[in-house]
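Presented below is the structure to which this report refers.
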Amino acid sequence: MTASGSREAPAAPRTWGGGPGEALTAFETLMWRVEEDSTIRSTVVVVLMLDGTPKWDEFVAAHDRMVERAPRLTHRVVKPPGALAPPRWSPDPHFDLAFHLRRVRLPEPADEGALFKALEQTAMSGFERARPPWLGLLYEGLPDGRSAYALKIHHSMSDGKAIVALLELLTDSDAAPQRDAVDLAPAGRSLSPLDVLRADIEASVAAVPGVLGATGRVAWRGLRDPVGGAGAAVRYGRSLRRVLAPAKAPPSALLARRSSNWRFAALDLDFPTLRAAGRSAGCSLNDAYLAGLLGGYRRYHEAMGSPIEVMPLTIPVAVPRPSHTVGGNAFAPARLAGPVGVVDPAERMRIVRERSVVARAEPALNHVDVLAPLAARLPGTLIGQVGPRLTAGSDLQASNVPGATGQQYLAGVSVERFYGFPPLPGCPAMITLVTHRQVGCIAVSFDAAAVTAPETFLTALCDGLDEVLALAGPDGPRTVRVG
């Protein structure tokens, strides 16, 4: 790589994802190891729809600059012997950017349908685990000279919010920006499996004084306020029982089957209209979005002759991200009973809001962080069985990620849409909304075995979202299916 420079970027851009030698969190370890002996994939595919086709040399140069600002992209995962410690990120001594970039010509007829089929195949194929787990693919041949960019990245490397920040390092706000020199960060030393184990032992020893100090402070608080300390422990225990208990909403029998076959679809809606619809009921944009999806689920179940009243729904809740890094994963899953059977969209929205507030306030919201360290140390075969159970049990996982508010260019070509296709960790569907300027870009990932009538399902989702959008005005814009 060369220090060719890039546009002005967010503060401390070189810290995206963290530095060399950092350990994966327990949850990231679980997402990485669950693939060892199962068909589960923890792959995220982010798609930028481009109003043209970038020149290949400029496309490569844009990635060169991104990697310079985000050295984590040159790191691979190194495991210790056995499962004695969490894996760590280590510089790949043989990193070659050319391996991570692909140029694909879509088969005729080259439309969005062909693109989504190609993306499905890309997402379901595993990474070469001895290399950094990401690929950048340019899909050419769409009508009118258009193309699509896909970033395939392992979820252990980043969550949705951090991926948006990463792509800010790839794109520009100007079609022909000025390039400034980049002060490259040190590459760091490549780690062996024994190095990883040694680093974990050293970190554990170094943490002893802090742990003892924290234990002493907790003990002192317990002596000063034994009733309050015991009460906090009891409240956490009760909360843990609630979040680990079977969902009050039973899973849908219609969506019970599972496979390793993913399907992708995309929807567009007007972002200001969705926000206005939420405000009309005293709710947030996210409440409106979730209520629209639940309305779609109601319509799908009715169309299939299996109506339901409630269903388990999981949403991510942001948790504090380490101050020294931009990337990584910083979320906790919150589960609630989705009011599918509530026909009135405004009332459905308000119920979603009430239940979301309760779920977000659970003291044991971090239960995955509590259980993941135990699960992450299991043998690979058992992780393949236990891991998905920590994230399964929902009929829908839905997230909402703020995107770009202004114009973006990739290698001089305008970015028109931004879709983030999430993985399927044992659930029938996972749906993500990313706002791109004034457009709400909705990426739908669903299991082909669970959703047996995909056209009916997608039409139902559009109709469910439209009944929410109509709260902002009967003649406003409606949801559009892409392709």
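Brief remarks on what is shown
- Considering the stretch 394-430, the residues that are under 19 Å from Phe271 (Cα atoms), modelled with pLDDT of 95 or more and among the hydroxyl-bearing types (Ser, Thr, Tyr) include one that is surrounded by the most Cβ atoms within 10 Å (Cβ to Cβ), namely Tyr419.
- Qualifying residue in the stretch 468-475 (condition: in the same structural domain as Pro333 (by TED's automatic domain parsing) and without any contact (Cβ under 8 Å) to a residue 24 or more places away in the chain): yes
- Candidates Gly282, Gly278 - the one that is in the same structural domain as Val439 (by TED's automatic domain parsing), surrounded by fewer than 18 Cβ atoms within 10 Å (Cβ to Cβ) and at pLDDT 95 or above: Gly282
- No other residue among Lys161, Lys152 is part of a helix (DSSP H, G or I) and of a type in the set (Lys, Arg) apart from Lys161.
- For the stretch 244-293, the set of residues classified as in contact with a Leu (Cβ under 7 Å, 6 or more places away or on another chain) and within 25 Å of Gly113 (Cα to Cα) consists of Trp262, Phe264, Ala265, Leu267, Leu269, Tyr289, Gly292, Leu293, listed by residue number.
- Matching entry among Arg76, Arg102, Arg65, Arg72 (being more than 13 Å from Ala130 (Cβ to Cβ), in a strand (DSSP E or B) and charged (D, E, K, R)): Arg102
- Residue in the stretch 428-437 that is assigned by TED's automatic domain parsing to the domain that holds Cys283, assigned to a strand (DSSP E or B), over 23 Å from Ala253 (Cα atoms) and polar (S, T, N, Q) present: yes
- A search for C-beta distances below 7 Å between a residue of the stretch 406-419 that is over 14 Å from Thr435 (Cβ atoms) and in the same structural domain as Gly52 (by TED's automatic domain parsing) and any residue that is at pLDDT below 95 and surrounded by fewer than 22 Cβ atoms within 10 Å (Cβ to Cβ), counting only pairs 6+ apart in sequence or on different chains, returns nothing.
- Where Pro133 falls short, out of the listed (1) surrounded by fewer than 21 Cβ atoms within 10 Å (Cβ to Cβ); (2) modelled with pLDDT of 95 or more; (3) closer than 28 Å to Pro71 by Cβ: (1)
The values are calculated or read from the model by the stated rules, or taken from the named source; none is laboratory data. Predicted model, so just to flag it, every value in this text is computed and none were measured. In this analysis, Cβ positions are derived from the backbone assuming ideal geometry, glycine residues included, and neighbour counts consider all displayed protein chains.
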